[in-house]
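Visitor: So that we are looking at the same thing, I have put the structure below in structure tokens.
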Amino acid sequence: MKRIEMKVNHVKHNTENYIADYLATLGIKPEDVDSFIKEPRETDQDNPWGLTNMSEAVRVAYHTLKEGAHVFVQVDSDTDGYTSSAVLINYLKRRFPEVTITYALHPGKEHGIVPVAIPEDATLLFIPDAGSNNYAEQKWAIENGKTLIILDHHEVNNYEDTGAILVNNQFSRNFSNKNLSGVGIVYMFIKAMDEEYFADDQIHRDYLDLTAIGIIADAMNMTSLGNNYIAYHGLNNIKSKFIQELAVKQSRGIKNPEHLTKTDVAFYIAPVINGVIRSGAPEDKMMVFRALTEENSTEIFEHEWRGKVTPESIYAHAVRLASNAKSRQDSAKKKSFEWLCGEIRANGHDKDNLIIATLDKKQSTKVSPNVTGLIAMELVKEFNKPCLVLRETEMDGKKVYGGSG
């Protein structure tokens, strides 16, 4: 038997070059690599003044607030919406403590302006993370003497000048970061307000944590230098007591609750907030939003468990309610998912290239509209095919199907 010798050439792999090459495929320039993977530079921040109508929004808001306006904020129904409104309300309460601020939460998964929720005496309306395309509602607000400021990031369709002040990165030619979510636009607004009127006492950075969480929760592209800056500084300095409590509650998955990662937010923070928004009772949603907007509350709640009563802060109380709502959502999703999988297989639709699950009115009761999108995503994982989950509804007097994919 001949002896065979094998010689292996060991090539030293240049990790830094590999990372730079990979980031280049994501659009990161070589001169920005160190900033992106280590500590972002101050120059990585987006310039709020590049947003169309920002100067007008800041000026009008400041003078209207100084006159003692009654402010109304419409809270949109997802994590980006909750953090958007929370950042705005927290900032306004600190800057203009004499101003009355009211807000409304959507009862379900609705989005945008809801005129019936707006108090008659509210003079300054803020619509964060929504409202760009609600032209009829915008006109209603302007015709009723309201000042309307929209701070949004969604695509603007067939723009109409209704008199509302629209600040939207998709609508702004001179603002390059199209990957900011609603809370990012709100952050740009309070940053601009600080720069214009409170240059010697700026507080906008206190809300980088909630801004980072909203951007990540909305699945924005994090290769943007501006988004990366917000995430780095926000997640390494968590100021929100509600987020602090939630991070500790989720410590089985989160290694360091004091320094969150983007993955921590995506898998352990945002899902709980989204869970209570989708599946929580109205009082649960209100408690979570209160915990996000009452920064220094000393309110104590009593929690009884197995005959033992223990005190808990509003932040711990809200986290417990949100976690329970998430558990209920998971249970409902599992039950609906298993039933729907059985129906798909029973009807041979698992052999289709595109799975379309249509639910009549009776079948729709088995799948909550609050988890339709989540179930559609689970079906993709189960069958490895595109999936649509559609329920019977009516539009203009005709039977149609609508849902999620």
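The values are calculated or read from the model by the stated rules, or taken from the named source; none is laboratory data. If you're wondering where the values come from, they're calculated on a predicted model, not measured in any experiment. Using ideal geometry, Cβ is built from the backbone for each residue, glycine included, and neighbour counts are taken over all protein chains shown. Ligands, DNA and RNA are excluded from the accessible area calculation, which covers all protein heavy atoms including side chains. Shrake-Rupley method; radii C 1.70, N 1.55, O 1.52, S 1.80 Å.
Visitor: Just how far, in whole angstrom, is the range 115-176 from the range 233-264 if you go by their alpha carbon centroids?
Guide: 33
Visitor: Going by the alpha-carbon gyration tensor, a ≥ b ≥ c the square roots of its eigenvalues, is the range 301-405 rounded (a/c under 1.5) or, if a/c is not under 1.5, prolate (a/b greater than b/c) versus oblate?
Guide: Note, shape of the range 301-405 comes out prolate.
Visitor: Taking the Cβ-Cβ separation of residue 195 and residue 361 as r and a Förster radius of 60 Å, what is the calculated FRET efficiency to the nearest 0.05?
Guide: Details: r = 54 Å, r/R0 = 0.90.
In this case the efficiency is close to 0.65.
Visitor: Which of the trypsin sites (Lys or Arg not before Pro) found in the range 221-316 are loop residues per DSSP with 13 or fewer other Cβ atoms within 10 Å of their Cβ? Spell out each step's value before the answer.
Guide: Numbers: sites: 239, 241, 249, 252, 255, 262, 278, 285, 290, 306, 308; in loops: 239, 252, 255, 306.
Taking the range 221-316 and a limit of 13 other Cβ atoms within 10 Å, the loop trypsin sites (Lys or Arg not before Pro) found are 252, 255, 306.
Visitor: Calculate the FRET efficiency for residue 94 and residue 380 from the Cβ-Cβ distance with a Förster distance of 51 Å, rounded to the nearest 0.05.
Guide: Working: r = 44 Å, r/R0 = 0.86.
Result of the calculation: an efficiency of 0.70.
Visitor: Return a whole-number percent for the relative contact order of the range 35-123, with Cα pairs under 8 Å and 6 or more residues apart as the contact set. Working shown, then result.
Guide: Numbers: 73 pairs, mean separation 29.1, N = 89.
33 percent.
Visitor: Using only protein heavy atoms and a 1.4 Å probe, report how much of residue 302 is accessible, in Å² to the nearest 10.
Guide: 150
Visitor: Which three lengths, in whole Å and largest first, does the chain cover when its Cα atoms are put on their principal axes?
Guide: Principal-axis extents of the Cα atoms in the chain, largest first: 97, 58, 58 Å.
Visitor: Let me ask you something else. Expected output is a single nm value to one decimal: the length gained when fully extending between residue 353 and residue 297, i.e. 0.36 nm times separation in residues minus the C-alpha distance. What is it? Before the final figure, lay out each step's value.
Guide: Details: separation 56, 0.36 × 56 = 20.16 nm, distance 5.38 nm.
Taking 0.36 nm per residue and subtracting the Cα distance, the gain is 14.8 nm.
Visitor: Got a sec? Charge dipole of the chain, +1 on Cβ for Lys and Arg, -1 for Asp and Glu; which of 395, 72, 225 is way out at the positive end?
Guide: Among 395, 72, 225, the one farthest towards the positive end of the dipole of the chain is 395.
Visitor: On to the next question. In µm²/s, what is D for the range 159-313 at 10 °C and 1.306 mPa s, where D = kT/(6 pi eta Rh) by Stokes-Einstein and Rh is the Kirkwood radius from Cα pairs?
Guide: Numbers: Rh = 17.5 Å.
The calculation lands on 91 µm²/s.
Visitor: If you don't mind, another one. Taking only C-alpha pairs under 8 Å that are 6+ residues apart, what is the relative contact order of the range 178-301 in percent? Each step should come with its number before you reach the end.
Guide: Details: 115 pairs, mean separation 26.1, N = 124.
The value is 21 percent.
Visitor: I've got another one for you. For the range 117-178, what are Rg and Dmax over the alpha carbons, in angstrom?
Guide: Expressed in Å, the Cα Rg and Dmax of the range 117-178 come to 11.9, 38.
Visitor: Same structure, new question: List the lysines whose Cα sits under 26 Å from the Cα of residue 139, skipping any in the same chain fewer than 8 residues away.
Guide: Qualifying lysines at Cα under 26 Å: 66, 109.
Visitor: Taking the Cα centre of the range 265-405 as the origin and placing charges on Cβ (Lys, Arg +1; Asp, Glu -1), which of 300, 379, 288 is farthest toward the positive end of the dipole?
Guide: Farthest towards the positive pole: 379.
Visitor: How high is the relative contact order of the range 105-158? Use alpha-carbon pairs under 8 Å, at least six apart in sequence, and give a whole percent.
Guide: Numbers: 64 pairs, mean separation 20.9, N = 54.
About 39 percent, as a whole number.
Visitor: Pairs 191/239; 239/326; 239/262: which are spaced more than 20 Å apart, C-alpha to C-alpha?
Guide: On the way: 191/239 17 Å; 239/326 23 Å; 239/262 16 Å.
Those over the limit are 239/326.
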